[in-house]
Protein chains: 2
Amino acid sequence: MAAGLHHVVVIGAGFGGIAVTRGLERAPVRVTLVDANNFHTFQPLLYQVATAGLDVADVAHPLRNIFPGRRRARVKVVVGQVTSIDTGAKTVGLHDGRCIGYDTLVLAAGAVTADFGVAGVVEHAHPLKSIDDAVALRLHLLRQFERADASSAFEAGALDVVVSGGGPTGVEMAGGIAELYSMVLRDDFPHLPVDAARIVLVEPQARVLAPFHPDSSAHATDRLRKMGVAVRTGVWIAEVRPDGVTLSDGARILAGTVVWAAGVRANPVAEQLGVELGRGGRIPVAPDLTVIGLPDVFAIGDIAAVTDAEGSPLPQVAQPAIQGGRHVARQIGRRLAGAATQPFRYVDKGAMATIGRHSAVTELPNGRRLDGFVGWLAWLGLHLVYLMGFRNRLSVFVNWCWSYLTYDRANRLLSRHDLDERREVP
Amino acid sequence: MAAGLHHVVVIGAGFGGIAVTRGLERAPVRVTLVDANNFHTFQPLLYQVATAGLDVADVAHPLRNIFPGRRRARVKVVVGQVTSIDTGAKTVGLHDGRCIGYDTLVLAAGAVTADFGVAGVVEHAHPLKSIDDAVALRLHLLRQFERADASSAFEAGALDVVVSGGGPTGVEMAGGIAELYSMVLRDDFPHLPVDAARIVLVEPQARVLAPFHPDSSAHATDRLRKMGVAVRTGVWIAEVRPDGVTLSDGARILAGTVVWAAGVRANPVAEQLGVELGRGGRIPVAPDLTVIGLPDVFAIGDIAAVTDAEGSPLPQVAQPAIQGGRHVARQIGRRLAGAATQPFRYVDKGAMATIGRHSAVTELPNGRRLDGFVGWLAWLGLHLVYLMGFRNRLSVFVNWCWSYLTYDRANRLLSRHDLDERREVP
């Protein structure tokens, strides 16, 4: 490690943090990449971990070997939680007292689940932002079935699920759970009324996938209904209770599982910068993605308030983070070479959401839409290409092929410890 | 479920319990298979889960789809812990108050780790009998590295490992950890003195793999030493402390990790039978494998005190359990047909142990031995064939090929929760 080199500290090893670190591989800098986990999470496939289709190791990649060989010598991975940032002294403080000085800081810490003040979300709903979330949700779903199977009196709603939020995550979760129920758990638990279990998707706006074209929303709604998902639009969840939810129209839905995919806010580490934050706690940035008033600090991805040419906020998905990371790496290189920074230009590459087996909606930037099976093939290929690391691609491909051919899900394991509810991840 | 059919209750879904249940597929009986987990564990490969080579889902198979289609209708899987057996009323009681009546009972609950009264084993050592054990050990090993990487003062012995017990499990663990260190963690943590880390295998008898031919033991010792494992024979562990072990000769070894592969005893559920138990808490059985004095109860595998033709106890590995399970299924069928039971005859199919990459010792029943690479290929093939479920075979094969080609281990993931030592599995 060449201590004299310009030192870039990157907070967060999501799509943005990995992109900026990779982009700096050949720059005359050393990079410290800080994350609370020792792995990168491929968030778009978390819902498949939650629905027992994929292993944890399929959607996570160890950080310490993303940068192999000699390149790794200039990238240091630090596993720890950032608890403070001192932009005057130019240091980052970790939970265990470690302190890291920086020349340039890149905030790429992403987003966390937002409960929007709805009572009971933290206590009773399952978010889906991390691997721990996905595993906790999977164990909870399986535990509901094992408990129902073990009890003589069947509890109403025990197997029912409410998914809050009809964005891509909510649509994918509802579809994934419907498939898990109809293709796997119905056979596994012949004595339980699995066919009668209700899966309800609740979306406050007038249609699911609201940012997509209305035809995509209609296609998704149609597919979900055919899979047995009840789609409720124009209502929202007013309260989450231990046994279900209360909707904004006063209706109560009994449900043993509530999935909270209703929205996110910026990672609260943003507050450490001491600048006034924008909507959703996002960090205001200049056109070159430096934080307003802090030229040595960049912010990218879900933690930054970046807008497109029309002034609309960028979607909180992988592409803005990846493109932002590459942009910031280039700007750091330009500055070191004495050049001025350039403004960030986001290139829309489209949007997609999968609705169970064989179906997805894909919207290309030219306005073309791919629905159904073709959209699903596009979704499949794109996610395989972007999955980090060849090993993960191979294993995901094997798992997918297996699930596709057999309608099976391998990862539905519950140990005696998992069955103990006191150990349920809060 | 035909309630009038003869009801066989099988306790334990290990190799023995699965074999007896499969053997009864075509018999005029209904079977209830009881296990604390909802999956079968392929115990011979647990050490690869512990050393980050395999996923949990590779060595575990969901019980509810082992018996697919119509056959499943007569097999009921019950997930629960057996806390009582009433051989008078012919019932089995579970931890949650459920009570299951039986016509014939098969005890196949296997073995648990025995500490042989050594102080500190329960508190400070890692056993390797279950998936939870293997995952806890893996997380502990990775955590030791992350902690050492995070601290400025390197703690002596933090990365060192003592493996207690030079049987197949201990030999495989020591070899697996040595490979994990030299092929993966050394590259992941360039700032840590990984090459200086000591891995010590402690075996009380005069040689490791004592039940094998002395040439096999010599080969294993030689291979382990070449991999950097210190093999200590003729001494045993007198005490396990938070920072290491004290040997029987008074020597102290500092070690951040102690693996307890020193031995097992029968699952304590055996005590519920109310019969006098044999050595290691094993259940005394008649030649037909019925429990002495309880003709409606069979015991197979590690929980039963079965001897071979020479009167020696059978090895506590998969083969005696599988063969015992098949035998018991046949005897239940014979009884229902009005025939007398037959004595169990164990067919020795040999023994094997792998010592890291490219090497294993395999002993065939004809006395032939395969060492080194040929032995390793035999080991590889046999374990793939016996791995339950095609999906697991495929995934294990992919993982193995990947590890083989790249020296990589995919499953070295630690989440922020895993890093929190308070959550360490006790």
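When B:V20, B:V34 are checked against the criterion of being more than 14 Å from chain A (Cβ to nearest Cβ) and crowded, with 22+ Cβ neighbours inside 10 Å, B:V20 stands alone in meeting it.
Residue by residue, here is whether (1) surrounded by fewer than 19 Cβ atoms within 10 Å (Cβ to Cβ); (2) away from chain A (no Cβ under 14 Å); (3) touching a strand residue (DSSP E or B) at 6+ places or on another chain (Cβ under 8 Å); (4) not β-branched (V, I, T) holds:
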position: B:T83; (1), (2), (3), (4): yes, no, yes, no
position: B:K90; (1), (2), (3), (4): yes, yes, yes, yes
position: B:R98; (1), (2), (3), (4): yes, no, yes, yes
position: B:T104; (1), (2), (3), (4): no, yes, yes, no
position: B:D133; (1), (2), (3), (4): no, no, yes, yes
position: B:A136; (1), (2), (3), (4): no, no, yes, yes
position: B:R143; (1), (2), (3), (4): no, no, no, yes
position: B:S164; (1), (2), (3), (4): no, yes, yes, yes
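If only one of A:E276, A:E310 is among the acidic types (D, E), without any contact (Cβ under 8 Å) to a residue 12 or more places away in the chain and within 29 Å of A:V82 (Cα to Cα), which one is it? Quick ask: steps written out before the conclusion?
Working: A:E310 fails: within 29 Å of A:V82 (Cα to Cα).
Just one listed residue meets the conditions, A:E276.
For the stretch A:180-202, a tally of residues being touching an Asp or Glu at 6+ places or on another chain (Cβ under 8 Å) and among the charged types (D, E, K, R) returns 2.
Only one of the numbered conditions (1) among the β-branched types (V, I, T); (2) in contact (Cβ under 8 Å) with a residue 40 or more places away in the chain; (3) away from chain B (no Cβ under 14 Å) is not met by A:V396, and that is (3). Just to be sure before I move on: is B:P365 part of a loop (DSSP other than H, G, I, E, B), of a type outside the set (G, A, S) and in the same structural domain as B:G176 (by TED's automatic domain parsing) in the structure I sent? Considered against the rule, which asks whether it is part of a loop (DSSP other than H, G, I, E, B), of a type outside the set (G, A, S) and in the same structural domain as B:G176 (by TED's automatic domain parsing), B:P365 comes out as yes.
Here B:K76 passes the criteria (1) more than 14 Å from chain A (Cβ to nearest Cβ); (2) surrounded by 15 or more Cβ atoms within 10 Å (Cβ to Cβ); (3) out of contact with any helix residue (DSSP H, G or I) (no Cβ under 6 Å at 6 or more places or on another chain) except the one numbered (1).
Just the residues that are more than 14 Å from chain B (Cβ to nearest Cβ) and either of a type in the set (A, V, I, L, M, F, W, C) or surrounded by 21 or more Cβ atoms within 10 Å (Cβ to Cβ) (or both), please, taken from the stretch A:182-211.
A:A196, A:A197, A:I199, A:V200, A:L201, A:V202, A:E203, A:A206, A:V208, A:L209, A:A210
If you scan the stretch B:352-366, which residues turn out to be among the charged types (D, E, K, R), modelled with pLDDT of 85 or more and either farther than 16 Å from B:P211 by Cβ or touching a Pro at 6+ places or on another chain (Cβ under 7 Å) (or both)?
Once the filter is applied, which keeps residues that are among the charged types (D, E, K, R), modelled with pLDDT of 85 or more and either farther than 16 Å from B:P211 by Cβ or touching a Pro at 6+ places or on another chain (Cβ under 7 Å) (or both), the stretch B:352-366 yields nothing.
Inclusion of B:S84 among residues that are modelled with pLDDT of 95 or more and not charged (D, E, K, R) is warranted. Take the residues in the stretch A:227-238 that are among the β-branched types (V, I, T) and not in a loop (DSSP other than H, G, I, E, B); name whichever of them is surrounded by the fewest Cβ atoms within 10 Å (Cβ to Cβ). Out of the qualifying residues, it is A:T233.
What do you reckon, is B:A27 modelled with pLDDT under 95, buried (at least 18 other Cβ atoms within 10 Å of the Cβ), assigned to a loop (DSSP other than H, G, I, E, B) and away from every other protein chain (no Cβ under 14 Å)?
Details: modelled with pLDDT under 95: yes; buried (at least 18 other Cβ atoms within 10 Å of the Cβ): yes; assigned to a loop (DSSP other than H, G, I, E, B): yes; away from every other protein chain (no Cβ under 14 Å): yes.
Answer is yes for this residue.
The number of residues in the stretch B:30-55 being over 19 Å from B:A111 (Cα atoms) and either among the acidic types (D, E) or not in a helix (DSSP H, G or I) (or both) comes to 8.
Looking at B:V10, B:V56, just one residue is buried (at least 20 other Cβ atoms within 10 Å of the Cβ), within 11 Å of another protein chain (Cβ to nearest Cβ) and within 25 Å of the chain's Cα centre (by Cα), and that residue is B:V56. Residues that are under 26 Å from A:Y181 (Cα atoms) and either touching a helix residue (DSSP H, G or I) at 6+ places or on another chain (Cβ under 9 Å) or outside the structural domain of A:A178 (by TED's automatic domain parsing) (or both) are absent from the stretch A:276-289 altogether.
Yes/no matrix, rows are residues, columns are (1) over 22 Å from B:R64 (Cα atoms); (2) in contact with a Leu (Cβ under 8 Å, 6 or more places away or on another chain):
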position	(1), (2)
A:L137	no, yes
A:G157	yes, yes
A:E172	yes, no
A:G176	no, no
A:L180	no, yes
A:P190	no, no
A:V194	no, yes
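Here's the yes/no breakdown for (1) surrounded by fewer than 14 Cβ atoms within 10 Å (Cβ to Cβ); (2) out of contact with any Lys or Arg (no Cβ under 9 Å at 6 or more places or on another chain):
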{"residue": "A:Q342", "(1), (2)": "yes, no"}
{"residue": "A:A351", "(1), (2)": "no, yes"}
{"residue": "A:S359", "(1), (2)": "no, no"}
{"residue": "A:G381", "(1), (2)": "yes, yes"}
{"residue": "A:V385", "(1), (2)": "yes, no"}
{"residue": "A:R393", "(1), (2)": "no, yes"}
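When A:A108, A:A150, A:A156, A:A136 are screened for being in the same structural domain as A:G16 (by TED's automatic domain parsing) and not aromatic (F, W, Y), only A:A108 passes.
Residues checked against (1) of a type in the set (S, T, Y); (2) in the same structural domain as B:S164 (by TED's automatic domain parsing); (3) closer than 25 Å to A:V398 by Cβ:
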| residue | (1), (2), (3) |
| --- | --- |
| B:H61 | no, no, yes |
| B:R74 | no, no, no |
| B:S84 | yes, no, no |
| B:L94 | no, no, no |
| B:G101 | no, no, no |
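Quick check on this structure: which one of A:R326, A:R335, A:R330, A:R345 is within 22 Å of the chain's Cα centre (by Cα) and basic (K, R)? Result of the check over A:R326, A:R335, A:R330, A:R345: A:R326. Scanning the stretch A:298-322 for residues that are within 17 Å of the chain's Cα centre (by Cα) and polar (S, T, N, Q) returns A:Q316, A:Q319.
The values are calculated or read from the model by the stated rules, or taken from the named source; none is laboratory data. Source: prediction; values computed, not measured. Heads up, the Cβs are rebuilt from the backbone with ideal geometry, glycines too, and the neighbour counts pull from every protein chain shown.
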